[in-house]
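Engineer: One structure follows; several queries about it will come next.
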Amino acid sequence: MTTIPPGSTIGILGGGQLGRMIASAAAQLGYRTHIFAPEESGPAADVSPNWTRGAYEDAAALAAFADGVDVVTYEFENIDPSAVETLSAHGLVRPGADALRIAQDRLAEKRFFNDLGGLTAPYASVESLDELEDAIEQVGSRAILKTNRMGYDGKGQARISEPGDAVGAWNAIGRQSAILEGFVTFQQEFSVILVRGVDGEIRFWDSPANVHVNGILSTSTVPAGAVIIAQVDAARAMARRVADALDYVGVLTLEFFASTDGPVFNEMAPRVHNSGHWTIEGAVTSQFENHVRAICGLPLGDTGLAAPHIEMRNLIGDDVLAWQDILSDPANHLHLYGKNDARPGRKMGHVTRLSL
Ligand code: AMP
């Protein structure tokens, strides 16, 4: 088991706010970071000394990047499997290629989860309008059509409420490889956030209750209420199976619907996650620090709560203009991502509030 000691360089694919927070945690532990991203700059550039601008499809650039760092991790998982193979041939990639391959494909993800014995929404693969019409018969006409790949924050999705919506939905998602999911009637949403070390040890943070608005996470709150707490053990048991089956190293997040049938798996992210941002101040060790510890083979930190009640709220678009008011309350911890343009729907920062 290789330990990557402080002083080494961690390569991060993606230079957004997740990369920024991973790089900050890495710096605290004495690591250097090197970002690889297609943009010229981004939120991670303020805290990471090295930035390579390159396309995720550029095998030569990825190989050179992997050769120059001690371990590669990612904040962005929608890269081509062949790019991951290139990276793996040139160095250590944590979490590994299997986790990436499954998490970037909604069909593969649901099949994988079902095969391990977990519950998902009913679903069907859709490659054409004809297949969509068959799928609606199969899973029901209250459904969501989602692109199989590259979807995030509710993008690449179209709701269906009757069979006549098929054409509009198929056009709305750009007529591409998709999955039709039956609409789950849920009481609340929550996530399981875990870290798994190189020796297979797993630690869980408390599961937050997550509220989404327009498909984008709005708040994450711990402790979650009784409905979620009653389902956390079952969800954790499944998350453990997923992590073990992938021999996963790093932070892994699984999103669930709390339904009357128990926890229904929605999707997973093979990385640190927005619903875990509260751990920076709200847990003894943050998801970012434990991710760095795990991928470098260090002992994992305590995931216990640092306050009785914690709420993380995303600052989306113009929400960020309230930064002065937010700072005037000492219970608030403000994080701004250094983005200039507060476009609607854009995650500009977050605020975590600790209380009794
Ligand atoms: P996703 O991009 O899959 O995380 O979807 C974003 C949000 O849309 C979820 O957090 C839910 O609030 C909602 N959603 C997604 N899929 C379903 C579903 N099958 N049934 C009900 N709500 C869903």
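Engineer: Quick one: how many residues across segment 118-141 are in contact with a Leu (Cβ under 9 Å, 6 or more places away or on another chain), within 15 Å of the ligand (Cβ to nearest atom) and over 25 Å from VAL242 (Cβ atoms)?
Structural biologist: Result for segment 118-141: 3.
Engineer: Further question: Being closer than 25 Å to LEU246 by Cβ, in contact with a strand residue (DSSP E or B) (Cβ under 6 Å, 6 or more places away or on another chain) and of a type in the set (Asp, Glu) narrows it down to one residue among ASP115, ASP70, ASP80, ASP98; which is it? Give the steps one after another, and end with the answer.
Structural biologist: Details: ASP115 fails: in contact with a strand residue (DSSP E or B) (Cβ under 6 Å, 6 or more places away or on another chain); ASP80 fails: in contact with a strand residue (DSSP E or B) (Cβ under 6 Å, 6 or more places away or on another chain); ASP98 fails: in contact with a strand residue (DSSP E or B) (Cβ under 6 Å, 6 or more places away or on another chain).
Every option except ASP70 fails the conditions.
Engineer: With GLU109, GLU85 as the choices, which residue is charged (D, E, K, R), within 25 Å of THR185 (Cα to Cα) and in a helix (DSSP H, G or I)?
Structural biologist: Going through GLU109, GLU85 in turn, just one is charged (D, E, K, R), within 25 Å of THR185 (Cα to Cα) and in a helix (DSSP H, G or I): GLU109.
Engineer: Related question: Checking the conditions here, which among ILE280, ILE316, ILE310 is aliphatic (A, V, I, L, M) and under 17 Å from GLU75 (Cα atoms)? So that I can check it myself, show each step before the final result.
Structural biologist: Details: ILE316 fails: under 17 Å from GLU75 (Cα atoms); ILE310 fails: under 17 Å from GLU75 (Cα atoms).
The match here is ILE280.
Engineer: Residues of segment 265-290 being in a strand (DSSP E or B) and out of contact with any helix residue (DSSP H, G or I) (no Cβ under 7 Å at 6 or more places or on another chain), which ones? Step through it out loud before you land on a result.
Structural biologist: Start the filter on segment 265-290 by keeping residues that are in a strand (DSSP E or B), which leaves 265-269, 283.
Within segment 265-290, ASN266, ALA283 qualify.
Engineer: Which one of these does PRO270 not meet: (1) away from the ligand (no atom under 16 Å from the Cβ); (2) touching a residue at least 12 places away in the same chain (Cβ under 8 Å)?
Structural biologist: Tallying (1) away from the ligand (no atom under 16 Å from the Cβ); (2) touching a residue at least 12 places away in the same chain (Cβ under 8 Å), PRO270 fails exactly one: (1).
Engineer: With GLN187, GLN176, GLN157 as the choices, which residue is of a type in the set (S, T, N, Q), over 30 Å from ASP244 (Cβ atoms) and over 20 Å from the mean Cα position of the chain (by Cα)?
Structural biologist: Values: GLN187 fails: over 30 Å from ASP244 (Cβ atoms); GLN157 fails: over 20 Å from the mean Cα position of the chain (by Cα).
Being of a type in the set (S, T, N, Q), over 30 Å from ASP244 (Cβ atoms) and over 20 Å from the mean Cα position of the chain (by Cα) holds for just one of GLN187, GLN176, GLN157, which is GLN176.
Engineer: OK, next. Just the residues that are in contact with a strand residue (DSSP E or B) (Cβ under 8 Å, 6 or more places away or on another chain) and under 26 Å from ALA178 (Cβ atoms), please, taken from segment 83-95.
Structural biologist: Of all residues in segment 83-95, those in contact with a strand residue (DSSP E or B) (Cβ under 8 Å, 6 or more places away or on another chain) come to 84, 87, 91-95.
Passing the criteria: VAL84, PRO95.
Engineer: A follow-up question, please. Residues being surrounded by fewer than 18 Cβ atoms within 10 Å (Cβ to Cβ), small (Gly, Ala, Ser) and either assigned to a loop (DSSP other than H, G, I, E, B) or within 16 Å of the ligand (Cβ to nearest atom) (or both): count how many of those fall in segment 196-254.
Structural biologist: Total meeting the criteria: 4.
Engineer: Of all residues in segment 183-195, count the ones that are within 16 Å of the ligand (Cβ to nearest atom) and either among the aliphatic types (A, V, I, L, M) or part of a strand (DSSP E or B) (or both).
Structural biologist: Total satisfying the criteria: 7.
Bear in mind these aren't lab numbers, they're just calculated from the coordinates by the rules spelled out. These numbers were taken from a predicted model, which means no experiment stands behind them. All Cβ positions, glycine included, derive from the backbone under ideal geometry; neighbour counts span all protein chains shown.
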